[in-house]
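Colleague: Submitted below is the structure of interest, expressed as structure tokens.
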Amino acid sequence: MSDSATAIPELTEYLQRLIDAGNYDAVKQLLNPEQPVDAAEAISNLPTLQQAIAFRLLPKDEAIEVYEYLEPAVQQSLLERMRSSEVLELVEEMSPDDRVRLFDELPAKVVRNLLQQLSPDERRVTAELLGYESETAGRLMTTEFIGLKEFTTAAQALEIVRRQASATETVYTLYVTDAARRLTGILSLRQLVVSDLQATVGEVMTRDVVRVQTGTDQEEVARLIQRYDFLALPVVDSEDRLVGIVTVDDVIDVIEQEATRDLYAAGAVQAGDEDDYFKSNLFTVARRRVVWLVVLLLANSGTAAVIASMDGVLKQVVVLAAFIPLLIGTGGNVGAQSSTVIIRGLSTQRLQSLGSWRAIWREAVAGALLGFLLMLVVIPWAAYVSGGNWLVAWAAGISLVGITTLAATAGAALPLLFNRLGLDPALMSAPFIATATDVAGVFIYLRTAMILLERFSSAS
């Protein structure tokens, strides 16, 4: 029925009407031609009770695949509404990596009970994956892959692929190990198909293999798959034994997760369960935001302190106050631009070729150049607004150069400093850069005005 995600709301509406009418046969017919991911989204949009009804009407094989695409909250809700035998059968048939992601969301007591009821093989694999740290290759990988030996002939390898294809995550890349399970090479399905049937795997495989350790961060895994256009990446332990693979579909989820986390940090929103943010209650939404807002509020109190300490110059030339928002706003915007460029460069690893110091210097020069260009506009405009007060005009113009230079430098340096300290550079994003430049910008502006006022007074 649906050719794109735009048809999902319509599919959900049809499902709801049919379930309300008790027309369950029509529900089966409606869901049958849908892609599992589309069926999962449509079911997720239904009321809780109707989610359970629609899911139970799916054929067994399709239900397992649809379940893996459901949001964690919906998965938990369905488990609560299913009989223990149904739950066990569903969890048993899930792929290991999807099962581990489900277990990460479930209460520890429920996970222990389910683990005890799994078959020995599935229990061993699941416990092994759960033993790795979160957000690492070991936690992200699946153990469902096709392994071959170097002495296996191409004909024998093809038979192995046919026999194991239905139970593996991917068949497009095959992995070759020795007697100790150490990874020695890889073989694409294309290489295998075009090879002489009597040739051995060792003769046609590629020995130069890009691999990651079980403890490799998931962002690094994503970068490698993106860099080499892999469909899957082998994961080895400390002794170079092949223990699993990370597939590109899992990496896409990682990229989305990390991008969401960085965007939240860029907006000074406390990271939480990103996927359910818009389904959270208002108290939870406020709690996530207020943490950083309190920090920013305390930091911004520095601006008030600077103004209070230099109120003398403001009393002498009251019109100076009119340009404070303009200057600190411009500084915040320049700092946000610099921090955005640097954070993106760190994320894509394109900054490494330039180097940290050169990147900071480049942004500082760019900030100074922007300040001079903006000064040419601000000085005549400030003179006009202030009624011909050139002291105010020059104070605003000169300060603008210093503020934009400082903002660009801070916008580049602070994310790099956080990255060097092992912290998320996205934390040093627009709101924090703007807050820092607000305090410094007000100080620079009022101090410049004070110096100019003293010079003009002494000259007259």
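The values are calculated or read from the model by the stated rules, or taken from the named source; none is laboratory data. A quick note: this is a predicted structure, and the numbers were derived from the prediction, not measured. Quick reminder, even Gly has a Cβ in these numbers, built from the backbone with ideal geometry, and neighbours come from all protein chains shown.
Colleague: Quick check on this structure: which one of Ala449, Ala412 is assigned to a helix (DSSP H, G or I), at pLDDT 85 or above and over 30 Å from Val319 (Cβ atoms)?
Modeller: Exactly one residue qualifies, and that residue is Ala412.
Colleague: Taking the options Ala322, Ala366, name whichever one is buried (at least 17 other Cβ atoms within 10 Å of the Cβ), of a type in the set (A, V, I, L, M) and assigned to a helix (DSSP H, G or I).
Modeller: Ala366
Colleague: Another one. Go through segment 105-133 and report how many residues are crowded, with 19+ Cβ neighbours inside 10 Å and either polar (S, T, N, Q) or touching a strand residue (DSSP E or B) at 6+ places or on another chain (Cβ under 7 Å) (or both).
Modeller: 1
Colleague: For segment 286-299, indicate whether the set of residues that are assigned to a helix (DSSP H, G or I), modelled with pLDDT under 70 and under 24 Å from the mean Cα position of the chain (by Cα) is non-empty. It would help to see each step written out before you state the result.
Modeller: Within segment 286-299, the subset assigned to a helix (DSSP H, G or I) is 286-299.
Next, from what is left, pick out any that are modelled with pLDDT under 70: 288, 292.
Subsequent filtering for residues that are under 24 Å from the mean Cα position of the chain (by Cα) retains 288, 292.
Scanning segment 286-299 turns up at least one residue that is assigned to a helix (DSSP H, G or I), modelled with pLDDT under 70 and under 24 Å from the mean Cα position of the chain (by Cα).
Residue by residue, here is whether (1) among the hydrophobic types (A, V, I, L, M, F, W, C); (2) within 22 Å of Tyr228 (Cβ to Cβ); (3) at pLDDT 90 or above holds:
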{"site": "Leu106", "(1), (2), (3)": "yes, no, no"}
{"site": "Asn113", "(1), (2), (3)": "no, no, no"}
{"site": "Gln117", "(1), (2), (3)": "no, no, no"}
{"site": "Arg162", "(1), (2), (3)": "no, no, yes"}
{"site": "Ile186", "(1), (2), (3)": "yes, yes, yes"}
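Colleague: Looking at segment 282-323 only, could you name the residues that are within 30 Å of Leu391 (Cβ to Cβ) and of a type in the set (D, E, K, R)?
Modeller: Answer for segment 282-323, where residues must be within 30 Å of Leu391 (Cβ to Cβ) and of a type in the set (D, E, K, R): Asp311, Lys315.
Colleague: Is it the case that Pro431 is touching a helix residue (DSSP H, G or I) at 6+ places or on another chain (Cβ under 7 Å) and under 22 Å from Arg223 (Cα atoms)?
Modeller: no
Colleague: Additional query: Give the residue that is surrounded by the fewest Cβ atoms within 10 Å (Cβ to Cβ), with candidates limited to residues of segment 369-400 that are part of a helix (DSSP H, G or I) and among the small types (Gly, Ala, Ser).
Modeller: First, the residues of segment 369-400 that are part of a helix (DSSP H, G or I): 369-385, 390-400.
Going one step further and asking which of them are among the small types (Gly, Ala, Ser), we end up with 371, 382-383, 393, 395-397, 399.
On the way: Gly371: 25, Ala382: 23, Ala383: 18, Ala393: 21, Ala395: 29, Ala396: 27, Gly397: 24, Ser399: 28.
Across segment 369-400, the extreme among qualifying residues is Ala383.
Colleague: Would you check which residues across segment 333-346 are in contact with a helix residue (DSSP H, G or I) (Cβ under 6 Å, 6 or more places away or on another chain) and closer than 21 Å to Ile379 by Cβ and list them?
Modeller: Scanning segment 333-346 gives a single hit, Val334.
Colleague: Go through segment 326-350 residue by residue and tally those that are in contact (Cβ under 8 Å) with a residue 24 or more places away in the chain and not in a helix (DSSP H, G or I).
Modeller: 1
Colleague: Identify all residues within segment 325-336 that are over 15 Å from Met375 (Cα atoms) and crowded, with 20+ Cβ neighbours inside 10 Å; write none if there are none. It would help to see each step written out before you state the result.
Modeller: Narrowing segment 325-336 to residues over 15 Å from Met375 (Cα atoms): 325, 332-333, 335-336.
The answer is Gly332, Gly335, Ala336.
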